[in-house]
Amino acid sequence: MCKLDNLPVRVVREQKSFGIAEDEQVYCMCRGIDDKSFMIACDVCEEWFHEKCVGVTEKQGEKIDLYTYPSCRTG
């Protein structure tokens, strides 16, 4: 199971340099904010991903019953 909760300090610093507030929720492998675009949740790790980051459009997402982020498929 993938764990995105324990981010390296480097990623936390990068969030600050991009102007993301510490209390603002970040998502996805890009560790970005909810930009109001379509997002899909992994049914394994329960993390939300931007469509542009995982290559799943909203139209494709509507047809997916269970989505698994590629890193979660391997273990």
> If we keep just the residues of segment 47-75 that are in a loop (DSSP other than H, G, I, E, B), touching a residue at least 40 places away in the same chain (Cβ under 8 Å) and at negative phi, which is surrounded by the fewest Cβ atoms within 10 Å (Cβ to Cβ)?
Replying inline: E47
> Among the numbered criteria (1) of a type in the set (G, A, S); (2) at pLDDT below 90; (3) surrounded by 11 or more Cβ atoms within 10 Å (Cβ to Cβ), which single criterion is violated by A41?
Replying inline: (2)
> Could you say whether any residue in segment 6-28 is modelled with pLDDT of 90 or more, surrounded by 13 or more Cβ atoms within 10 Å (Cβ to Cβ) and in a loop (DSSP other than H, G, I, E, B)?
Replying inline: yes
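The values are calculated or read from the model by the stated rules, or taken from the named source; none is laboratory data. All of these numbers come straight from a predicted model, not from anything done at the bench. Cβ atoms come from the backbone with ideal geometry, glycine included; neighbour counts cover every protein chain shown.
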